[in-house]
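Working notes for the structure below.
The values are calculated or read from the model by the stated rules, or taken from the named source; none is laboratory data. What you see is a predicted model, and the numbers here were worked out from it, not measured in a lab. Don't worry about glycine lacking a Cβ; one is built from the backbone with ideal geometry, like all the others, and counts go over all protein chains shown.
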Amino acid sequence: MPLLARNVKASDYIADYLKSLGIKTVYGYTGGAITHTIDSFCTRGMRFRNFNHEQGAIFAASGATKVDHQLRVIVVTSGPGATNLITGIGEAYFDSVPILIISGQVNTYDFKWDKKCRQLGFQETDIVSVVRPITKYAKLIDDAQQIPAELHRAVSIALDGRPGPVVLDIPMNLQRADIDVPAEMPAPTLTDTTVKDADIEYVVKCLESAKAPLILLGNGCKIAEARQELLKMMDKLHIPVVVSLLGKGSIPEDHADFLGFIGSYGNRYANIALAKADTILVLGSRLDSRQTGNKRDLYKGKTIVQVDIDNDEIGVNLAVTKSLLVDVRVFLRALNGRLRRAPARIAVDRWNDFLKRLRSTFTPMSELVRAKAESFQYEAMQAISDHMASDAVACADIGQVQMIAAQALSLREEQQFVTSGGMAPMGYALPAAIGIALETGRKTISINGDGGMQMNIQEINILAKMRAPVLIIVFDNKALGMIKQFQELYFDQRYYGTDEKNGYFSCDFAAIAEAYGVPAMRIRHDDPDWRQKIDDAFSRKWPFLVHITLDYETKVFPKLRFDRTIDDPEPQIAPEEQSLVDGFLSALDEGKKEAKGVNAADAYYDG
C-alpha cells in the first residue's frame, strides 16, 4: 500500500483513496460547494464526466455499474445539486447499485445546525436527513479529521452484502482543510458468506423429488456475476429456468433450458410454469407482487427455496419452505461442486414436454392476435433483437417499451439487458446507455418511449460531444401508453394527462437530436421499407437516433389484472386453447402422482 504524507488537503486524500481503488471516472455536475473535490480529482488524472443534469449523471453511473458491477462515484454541489439526485439515489437503493455520492455542503460556519431558522448558508440543505431512508449509509462530516475513516466506512458499506448507495456530505471548508491521514490506504472491508453442505444436500433432494421443478433467476444473479456458475448448474440439472425483469440477461436466452420472463407482463408460458411448478429454487429474487401476482393461494403447498444475500427480503412477499442467506455465486459454486461429485437424479421429461408445448402455443406475437391489437411495436422490437451485436447491451426505459423489450428481446452470447425495476424512473435509459457505452466501449441500444425520452433528453448533448456508440430508438405513440392502457381498464377510458387530447404532448425527436449534433432517421409504422431502415440504422456509425412514429394505441399483452392469478392474464385464451392446456396438465398430473416431492428432502434434512 502506498505511504502518504501527513497534513494532506482533504479533497486530495479523497481523490487518492478512490484512485487507489481503481476509480478512474467520476460523474456529476459542478458547483461552488464541490469545486475543491472536483479539482483534486482532475489534477490527479481522473476523468470528470459533467452531465447536463445531476439525475443524468447518476443514471449514467447506475447503468455502467449494472453492466460491470464496479463502484461508481458521483459528486454534486449543495442544495439543488444534491436534491436533484434523490430519484437516482432511490433507483440505486432499490436496484442494489453501489454508488458513492459526495455532496458539497456550505461551510460549517454558515450551517444552521440546531437553529430553528430554515436556512443560514446559501443553498444550505440537510440532504443527509432527506436521503437516509433510501441509502445504506448517509453522513454529514463535521470534522475534517473524520474524512479518511468515513470514506473507508462508506465505500465498505456500499459494496458489502447487498450493494447500494451511500452519501457523504462534506462542507466546503472541510474539503480544503489539511488533515492527518493513515500511513496506508485500507481496502474496503467486506463480509464473506458460506453455505452448509447439509443445505446444499437439502436443495438437491428437493429437486430430485420434484416432478415439476423450476429455477427463478433474479437481480441477485447479475449482481453476484454468477453467469458461468449458472450455466454449469443448468448443464447438469436440465431444469427449466425463468427470469424476473431484473434477472433478464443473467444467462443467454438461446440456452435449451431457458423458458422466459415472468411477472405481471411476463410471457404467459413462463407464468403458467410458475403457477404449476411444485418446486421453485429462487436465486437472488425477492418475489415481489409484480413477479408472483397478488393472488397467492396457488403457491400454497409448493416447495420454495429462496437463496438471497439480504435477510430482510427473505420470505417477506411469499412464504418459503427454506431460506439460505448467502451470495448466489457462493451457493452455486457449492451446488456445482456437489453435482460434480454425485450427479442429481432428476426426471422431468413430462414437465419439459408440457412447457415446450406451452411455449410453442403462446408465443409473444400470438398474444397480440388474441387481443386483436396492433403488433408493429413487437415486430420492431424483434428486429432490434435480431440486429444486436453479440456483446451489445440493450438498455430499456420505463413504460410499455420496458415490458415489450423484456418479452420480445432474445438475448444471446454476451448480450446484456439493463433497466430500472424498483424505483423505475422514466428517463433512465438514455443516460444509463451513455454511461455503459462510455465505460465499456460496447455498442448500446437505448430503447425509449416518447414520454421517458423527454425526461432526460438534454443528455443527447453529452452523447454528441463524447461520440459514444449508442443507438437511440424512440417508440413514439404520442401517449403515455402504459398508463393509458391502465385508464382504459379501470377509468372508463378517461385519459387525463396521457395523450395529446388530454394534456400530454410528444415532439420531433429526430429534429432535436440533429440540433444537438446526433444524426437521426424517421420511421413510420406503416412504411413498407421499415425493416430496411432498421438495417440501415444498425449499419451507421453511432451515436444515431431512430424516431419511430406509431399512429395507433399501443398495447402490451399479456397483462395481469390485480384480481387474477399469475397464470390468468389478459387476453383470455380461447376455449380450444384452454382444452389444449388442460390436456397438457392432465398428462403432467399423471407424472406428479408418482412421488410425494419434498418428503424425501425433509427426511434427509431432519434426519
What is the one condition in (1) in contact with a strand residue (DSSP E or B) (Cβ under 8 Å, 6 or more places away or on another chain); (2) on the phi > 0 side of the Ramachandran plot that Gly247 does not satisfy?
-> (2)
Within the stretch 232-261, residues assigned to a loop (DSSP other than H, G, I, E, B), of a type in the set (Val, Ile, Thr) and more than 21 Å from Val393 (Cα to Cα) come out as Ile239
Of all the residues that make up the stretch 243-269, how many are within 18 Å of the chain's Cα centre (by Cα) and more than 19 Å from Asn294 (Cβ to Cβ)?
-> 10
Filter the stretch 41-62 for residues that are small (Gly, Ala, Ser) and either touching a Pro at 6+ places or on another chain (Cβ under 7 Å) or without any contact (Cβ under 8 Å) to a residue 40 or more places away in the chain (or both); the one that is farthest from Thr419 (Cα to Cα) is Gly45
Pick from Thr30, Thr43: which is surrounded by fewer than 19 Cβ atoms within 10 Å (Cβ to Cβ), under 23 Å from Asp178 (Cβ atoms), modelled with pLDDT of 95 or more and not assigned by TED's automatic domain parsing to the domain that holds Ile460?
-> Thr43
So which strands (runs of 3 or more DSSP E) are wholly in the stretch 464-576 and hold at least 1 residues that are out of contact with any helix residue (DSSP H, G or I) (no Cβ under 7 Å at 6 or more places or on another chain), charged (D, E, K, R) and farther than 23 Å from Ala396 by Cα?
-> none
Can you pull out the residues in the stretch 384-406 that are acidic (Asp, Glu) and assigned to a helix (DSSP H, G or I)?
-> Asp386
Of all residues in the stretch 438-460 being over 19 Å from the mean Cα position of the chain (by Cα) and outside any loop (DSSP other than H, G, I, E, B), which is surrounded by the fewest Cβ atoms within 10 Å (Cβ to Cβ)?
-> Gln458
Would the stretch 407-426 turn up any residue that is more than 25 Å from the chain's Cα centre (by Cα) and not in a helix (DSSP H, G or I)?
-> no
Can you pull out the residues in the stretch 112-140 that are in contact with a Gly (Cβ under 6 Å, 6 or more places away or on another chain) and within 14 Å of Ala33 (Cα to Cα)?
-> Gln123, Thr125
Lone unmet requirement of (1) surrounded by 13 or more Cβ atoms within 10 Å (Cβ to Cβ); (2) modelled with pLDDT under 95; (3) of a type in the set (Ser, Thr, Tyr) for Tyr490 | (1)
Looking only at residues in the stretch 42-54 that are assigned to a helix (DSSP H, G or I) and not polar (S, T, N, Q), which one is nearest to the chain's Cα centre (by Cα)?
-> Glu54
Any chance the stretch 55-62 includes a residue that's surrounded by 17 or more Cβ atoms within 10 Å (Cβ to Cβ) and over 29 Å from the mean Cα position of the chain (by Cα)?
-> no
Would you please list the contacts, defined by Cβ atoms under 7 Å and residues six or more apart or on different chains, that run from a residue in the stretch 258-275 that is touching a residue at least 24 places away in the same chain (Cβ under 8 Å) to a residue that is part of a helix (DSSP H, G or I) and among the aromatic types (Phe, Trp, Tyr)?
-> Leu259/Tyr269; Gly260/Tyr269
In this structure, does Gly79 turn out to be at positive phi, assigned by TED's automatic domain parsing to the domain that holds Val155 and touching a residue at least 24 places away in the same chain (Cβ under 8 Å)?
-> yes
Is there a residue being in contact with a Pro (Cβ under 9 Å, 6 or more places away or on another chain) and either among the hydroxyl-bearing types (Ser, Thr, Tyr) or surrounded by fewer than 22 Cβ atoms within 10 Å (Cβ to Cβ) (or both) anywhere in the stretch 261-270?
-> yes
Could you look through the stretch 11-40, keep only residues that are touching a residue at least 60 places away in the same chain (Cβ under 8 Å) and assigned to a loop (DSSP other than H, G, I, E, B), and pick out the one that is farthest from Val393 (Cα to Cα)?
-> Gly31
Please verify whether the stretch 148-165 includes one or more residues that are hydroxyl-bearing (Ser, Thr, Tyr) and part of a strand (DSSP E or B).
-> no
Which pairs do you get when a residue that is of a type outside the set (A, V, I, L, M, F, W, C) and surrounded by fewer than 19 Cβ atoms within 10 Å (Cβ to Cβ), found in the stretch 503-526, comes within reach of a residue that is part of a loop (DSSP other than H, G, I, E, B) and at pLDDT below 95, reach meaning Cβ atoms under 9 angstrom, with the pair 6+ apart or on two chains?
-> Arg524/Asp551; Asp526/Asp551
Could you list all residues from the stretch 105-123 that are in contact with an Asp or Glu (Cβ under 8 Å, 6 or more places away or on another chain) and closer than 27 Å to Thr25 by Cα?
-> Gln105, Val106
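Okay, residues lined up against (1) buried (at least 17 other Cβ atoms within 10 Å of the Cβ); (2) assigned to a loop (DSSP other than H, G, I, E, B); (3) at pLDDT below 95:
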site	(1), (2), (3)
Leu274	yes, no, no
Asn294	no, yes, yes
Ile304	yes, no, no
Val316	no, yes, yes
Ala319	no, yes, yes
Leu324	yes, no, no
Val330	yes, no, no
Arg340	no, no, no
Do we find a residue being modelled with pLDDT of 95 or more and either surrounded by fewer than 17 Cβ atoms within 10 Å (Cβ to Cβ) or assigned to a strand (DSSP E or B) (or both) anywhere in the stretch 108-125?
-> no
Criterion violated by Leu585 - all others in (1) modelled with pLDDT of 95 or more; (2) surrounded by fewer than 16 Cβ atoms within 10 Å (Cβ to Cβ); (3) of a type in the set (A, V, I, L, M, F, W, C) satisfied | (1)
Take the residues in the stretch 127-138 that are in contact with a strand residue (DSSP E or B) (Cβ under 6 Å, 6 or more places away or on another chain) and without any contact (Cβ under 8 Å) to a residue 40 or more places away in the chain, then tell me which one is surrounded by the fewest Cβ atoms within 10 Å (Cβ to Cβ).
-> Arg132
Among residues of the stretch 187-206 being among the hydrophobic types (A, V, I, L, M, F, W, C) and surrounded by fewer than 23 Cβ atoms within 10 Å (Cβ to Cβ), the residue nearest to the chain's Cα centre (by Cα) is Leu190
Condition broken by Val393, with the remaining ones in (1) farther than 21 Å from Lys533 by Cα; (2) buried (at least 24 other Cβ atoms within 10 Å of the Cβ); (3) of a type outside the set (D, E, K, R) satisfied | (1)
